[in-house]
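Okay, so here's the structure we're looking at.
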Amino acid sequence: MMALRDGRWRILLVLPLLAVAIALIVWRGPDWGNVEDAFRLVRWEWVAAAIALNLVSVLSRAYAWQTAIRQSIPPPHPRFRLVFSAFSVGLFANAVLPGRVGELARVAVLRRHVPGRRGTTATLVGSVFAHRMFDLVPATLLVVWVLATAKIPRWAITSIAIVLAIGVLLFVTAIVLARRQHRDALEGLGPLRALLVRARQGLAVMRSPAAAATAAMFQTYGWVCQLFAVWAAMRAFHIYESLSAAGLVLVLINVATIFPLWPGNFGLVQIAIALPLVNYGVPYARGVAFGVGLQAIEASVGVGVGLIFLAREGISYAMLKQMDEDEKETESDEVSRLAG
């Protein structure tokens, strides 16, 4: 009964957000006939190149997460194929479900391959947080470059500044928490405090300059691949602008999806991409078509690879939807065991 009520509450929360998405598409909608024409002229060889670059980006970012994991938990460490499998399932969850369910989903999948280790769930959650913090390095470089070279609307500058400031604050917080962790011992701590200490163990990569540099390098390489994937996708839609314009699109698509209120924030993403491209002389309808195509290219990697590893892990879509709740229950169980 409780699960049913929770499901109804989620539907009641998502429906208004979907209404907002539809309103955005109607309010800022282009001439859909022109959008259709833009898809008819797509150059598919550039689409294939963009998909390949996105796949390389996923591989690189999975390596970055594995680096964080190796610093967080004692050996034997999970092999890369297991880390990549969990990472891919997380991408799939983020693509098809609202919220950041994918971050918990990848922890849940990987946790199945490291059984019998007390507190590992909390530590893996910490490693996910550390991994996402390494996005700040390439994101900052990209933002500085875009500010210096691209044509940015004022509203976009404000949004970028706010998101970047939040990122810097979280990054500093992660470093402080990571450096405090070695002073905390589990003995004599209450159950909740012990769980928080285990979560901070996931930030251990922040205390190792070599490991942190490795993780940042892989994460940066992933962003570079994404940048060229956006550039290739632009050419697929006959948008022949500079690499800095592709950088602006990459920044804005990350800003538009940082808080996924509905799956993919579809509609909001297309508007966030199309409006700035008008300053480059790109027709609004073509910009919207490009936004749809770019999101489809990125989703094709997350959904395609994610489905493969979902099948390999023996996880159904229904099971995936419950993983966020399962992880919360796992955390509660670990608190109870620590209390006992």
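The values are calculated or read from the model by the stated rules, or taken from the named source; none is laboratory data. Just so you know, these numbers come straight off a predicted model, no measurement behind them. Here the Cβ is made from the backbone with ideal geometry for all residues, glycine too, and neighbour counts use every protein chain on show. Accessible surface areas use protein heavy atoms only, side chains included; no ligands, DNA or RNA. Shrake-Rupley method; radii C 1.70, N 1.55, O 1.52, S 1.80 Å.
Could you list, in sequence order, the residues of the stretch 57-99 that are buried (at least 19 other Cβ atoms within 10 Å of the Cβ), modelled with pLDDT under 95 and basic (K, R)?
R70
Tell me, which residue of the stretch 35-80 that is outside any helix (DSSP H, G or I) and among the aliphatic types (A, V, I, L, M) is nearest to the chain's Cα centre (by Cα)? Give the derivation first.
Of all residues in the stretch 35-80, those outside any helix (DSSP H, G or I) come to 41-43, 73-79.
In the following step, the residues that additionally are among the aliphatic types (A, V, I, L, M) were identified as 41-42, 73.
Values: L41: 30, V42: 27, I73: 23 Å.
Step by step, filter the stretch 35-80, then rank; the result is I73.
Output the number of the condition that F39 fails; it satisfies all remaining conditions of (1) in contact (Cβ under 8 Å) with a residue 60 or more places away in the chain; (2) buried (at least 19 other Cβ atoms within 10 Å of the Cβ).
(2)
Could you list all residues from the stretch 123-182 that are more than 25 Å from G247 (Cβ to Cβ) and among the small types (G, A, S)?
Across the stretch 123-182, the qualifying residues are G126, S127, A130, A174, A178.
With L142, L164, L196, L147 as the choices, which residue is among the aliphatic types (A, V, I, L, M), open to solvent by 20 Å² or more (accessible area, probe 1.4 Å), modelled with pLDDT of 85 or more and not in a loop (DSSP other than H, G, I, E, B)? Let's see the steps before the verdict.
Values: L142 fails: open to solvent by 20 Å² or more (accessible area, probe 1.4 Å); L164 fails: modelled with pLDDT of 85 or more; L196 fails: modelled with pLDDT of 85 or more.
After applying the criteria, what remains is L147.
Show the residue pairs that are 6+ apart or on different chains and have beta-carbon atoms under 9 Å apart, the first residue being within the stretch 105-121 and closer than 14 Å to I69 by Cα and of a type in the set (V, I, T), the second being at pLDDT 85 or above and not in a helix (DSSP H, G or I).
Partner pairs satisfying both residue conditions: V114/I73; V114/P76; V114/H77; V114/P78; T120/I73.
What number of residues within the stretch 151-161 are open to solvent by less than 60 Å² (accessible area, probe 1.4 Å) and without any contact (Cβ under 8 Å) to a residue 24 or more places away in the chain?
Of the stretch 151-161, the ones open to solvent by less than 60 Å² (accessible area, probe 1.4 Å) are 152-153, 156, 159-161.
Keeping just the survivors that are without any contact (Cβ under 8 Å) to a residue 24 or more places away in the chain gives 161.
The number of residues fulfilling the criteria is 1.
So which of E313, E329 ends up being farther than 30 Å from A245 by Cβ, open to solvent by less than 50 Å² (accessible area, probe 1.4 Å) and modelled with pLDDT under 85? Steps first, answer last, please.
On the way: E329 fails: open to solvent by less than 50 Å² (accessible area, probe 1.4 Å).
None of the other options fit; the residue is E313.
Any residue that is under 20 Å from L136 (Cα atoms) and in a helix (DSSP H, G or I) - is there at least one of those in the stretch 229-241?
Taking the stretch 229-241 and keeping what is under 20 Å from L136 (Cα atoms), we get 229-230.
Filter again for in a helix (DSSP H, G or I), leaving 229-230.
Yes, there is a match, as at least one residue in the stretch 229-241 is under 20 Å from L136 (Cα atoms) and in a helix (DSSP H, G or I).
Considering only the stretch 276-292, I want to know if a residue exists there that is without any contact (Cβ under 8 Å) to a residue 40 or more places away in the chain and surrounded by fewer than 22 Cβ atoms within 10 Å (Cβ to Cβ).
yes
Any chance you could count how many residues in the stretch 253-290 are outside any helix (DSSP H, G or I), of a type in the set (A, V, I, L, M, F, W, C) and farther than 25 Å from G167 by Cα? Write out each step before concluding.
Keep residues of the stretch 253-290 that are outside any helix (DSSP H, G or I), which gives 258-262, 266-267, 279-283.
Next, only the ones that are of a type in the set (A, V, I, L, M, F, W, C) stay: 258-259, 261-262, 266, 282.
Subsequent filtering for residues that are farther than 25 Å from G167 by Cα retains 282.
Here the count works out to 1.
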